[in-house]
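Before anything else, here's the structure in question.
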Amino acid sequence: MKTTRKLLVVLFILGTMIGCNDSIDSTEFNFTELARSLEVSDLENFTVKAITDSIPVTRDDLNSMRTVVKVFNGKDDAGVTIPGFGGLKLGKKETSLNVYYVETKIVRRQNDTVVYGIGYSTHYLFKKLKRGIDISNLASVAASAQLQSNRTSVYYSLQTFGIKSRELVNYFKPQVNSNFDVDGFGVIQSSIDGIHNVLADSLLSKRTQFTPMELKFVKPTDLQQ
């Protein structure tokens, strides 16, 4: 990430960080506004016509794009396996934010319906946050983690589903501890830009293997919201 970008983020947020010196559990924050701001759908209404009996084989078989956001709060979900963190369990004072960009198709399977598709996801594990921080602004959270890591502690990870490409390798370099600080914010943003470039560019897409798979973390009801 460019040094200028890093300095701009820090300087922009620095003024909002004066006066609140303590941290509280991430479960004390309301993530609803942040989740809503991250959700995007290309469907105005979900209809039964979107359901099919045939399993998609290629990317062209998929019929919708959607950003699905899932939040797990330690007060209600403690002990669940956190998506994107290799089997790690959610603590009682932690919050897990998961953002899935997926291209999907709903498939009827016997007496059930499931979602098939491709895409990628970003995952954030909030261990603690500085009191008064604006969590709807992830840049603000990253700046707080950078300047006052003893009060704000957040980790992140990145995954893909049904996508295989050499071009994607550059965006999945192992990050030690994967702290979501200013550097982590830059890594996530540049990685998302890179992945979308692979998905959107016709030449790069031709060199990418798309294999729709069952997306067990997304339910048909998630696509109605």
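The values are calculated or read from the model by the stated rules, or taken from the named source; none is laboratory data. Remember, predicted model here, so these are calculated numbers, not experimental data. Neighbour counts are summed over all protein chains in view; Cβ atoms, including those assigned to glycine, are modelled from backbone coordinates with ideal geometry.
What number of residues within the stretch 169-178 satisfy the criterion of being surrounded by fewer than 19 Cβ atoms within 10 Å (Cβ to Cβ) and not in a loop (DSSP other than H, G, I, E, B)?
Qualifying residue count, the stretch 169-178: 2.
Test residue 129 against the stated conditions and say whether it is surrounded by fewer than 20 Cβ atoms within 10 Å (Cβ to Cβ), closer than 24 Å to residue 31 by Cβ, touching an Asp or Glu at 6+ places or on another chain (Cβ under 9 Å) and at pLDDT 90 or above.
no
Considering 116, 124, which residue is hydroxyl-bearing (Ser, Thr, Tyr), farther than 15 Å from residue 154 by Cα and surrounded by 17 or more Cβ atoms within 10 Å (Cβ to Cβ)?
Working: 124 fails: farther than 15 Å from residue 154 by Cα.
Sole residue among the options that is hydroxyl-bearing (Ser, Thr, Tyr), farther than 15 Å from residue 154 by Cα and surrounded by 17 or more Cβ atoms within 10 Å (Cβ to Cβ): 116.
Of 102, 141, 107, 115, which residue is hydrophobic (A, V, I, L, M, F, W, C), in contact (Cβ under 8 Å) with a residue 24 or more places away in the chain and touching a Gly at 6+ places or on another chain (Cβ under 7 Å)? Give the steps one after another, and end with the answer.
Numbers: 141 fails: touching a Gly at 6+ places or on another chain (Cβ under 7 Å); 107 fails: touching a Gly at 6+ places or on another chain (Cβ under 7 Å); 115 fails: touching a Gly at 6+ places or on another chain (Cβ under 7 Å).
Of 102, 141, 107, 115, the one residue that is hydrophobic (A, V, I, L, M, F, W, C), in contact (Cβ under 8 Å) with a residue 24 or more places away in the chain and touching a Gly at 6+ places or on another chain (Cβ under 7 Å) is 102.
Looking at the structure I just gave you, is residue 150 over 20 Å from residue 30 (Cβ atoms), of a type in the set (S, T, N, Q), surrounded by fewer than 17 Cβ atoms within 10 Å (Cβ to Cβ) and over 19 Å from the mean Cα position of the chain (by Cα)?
Details: over 20 Å from residue 30 (Cβ atoms): yes; of a type in the set (S, T, N, Q): yes; surrounded by fewer than 17 Cβ atoms within 10 Å (Cβ to Cβ): yes; over 19 Å from the mean Cα position of the chain (by Cα): yes.
It is true that residue 150 is over 20 Å from residue 30 (Cβ atoms), of a type in the set (S, T, N, Q), surrounded by fewer than 17 Cβ atoms within 10 Å (Cβ to Cβ) and over 19 Å from the mean Cα position of the chain (by Cα).
Give the stretch 188-225 a look and list any residue that's among the hydroxyl-bearing types (Ser, Thr, Tyr) and either in contact with a Phe, Trp or Tyr (Cβ under 8 Å, 6 or more places away or on another chain) or assigned to a helix (DSSP H, G or I) (or both), or say none. Break it down into steps so the answer makes sense when it comes.
First, the residues of the stretch 188-225 that are among the hydroxyl-bearing types (Ser, Thr, Tyr): 190-191, 202, 205, 208, 211, 221.
190, 191, 202, 205, 221, listed by residue number.
Next question. From the list 89, 70, 75, which residue is of a type in the set (D, E, K, R) and touching a residue at least 60 places away in the same chain (Cβ under 8 Å)?
70
Take the stretch 68-94 and flag every residue that is surrounded by 15 or more Cβ atoms within 10 Å (Cβ to Cβ) and either within 13 Å of the chain's Cα centre (by Cα) or at pLDDT below 90 (or both).
Scanning the stretch 68-94 gives 68, 69, 70, 71, 72, 82, 83, 84, 85.
If you don't mind, another one. Within the stretch 55-67, is there a residue that is buried (at least 17 other Cβ atoms within 10 Å of the Cβ), modelled with pLDDT of 90 or more and in a strand (DSSP E or B)?
no
A quick yes/no check of all residues on (1) touching an Asp or Glu at 6+ places or on another chain (Cβ under 7 Å); (2) modelled with pLDDT of 90 or more; (3) within 18 Å of residue 99 (Cβ to Cβ); (4) not in a loop (DSSP other than H, G, I, E, B):
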| site | (1), (2), (3), (4) |
| --- | --- |
| 136 | yes, no, yes, no |
| 150 | no, no, no, no |
| 159 | no, yes, yes, yes |
| 186 | no, yes, yes, yes |
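Could you say whether any residue in the stretch 19-34 is at pLDDT below 50, assigned to a loop (DSSP other than H, G, I, E, B) and under 24 Å from residue 128 (Cα atoms)?
Among the residues of the stretch 19-34, at least one is at pLDDT below 50, assigned to a loop (DSSP other than H, G, I, E, B) and under 24 Å from residue 128 (Cα atoms), which makes the answer yes.
Next question. For residue 215, indicate whether it is buried (at least 20 other Cβ atoms within 10 Å of the Cβ), of a type in the set (A, V, I, L, M, F, W, C) and at pLDDT 90 or above.
It is true that residue 215 is buried (at least 20 other Cβ atoms within 10 Å of the Cβ), of a type in the set (A, V, I, L, M, F, W, C) and at pLDDT 90 or above.
Every residue in the stretch 157-182 that is within 18 Å of the chain's Cα centre (by Cα) and in contact (Cβ under 8 Å) with a residue 40 or more places away in the chain, please.
Matches in the stretch 157-182: 157, 158, 159, 160, 161, 162, 163, 168, 180, 182.
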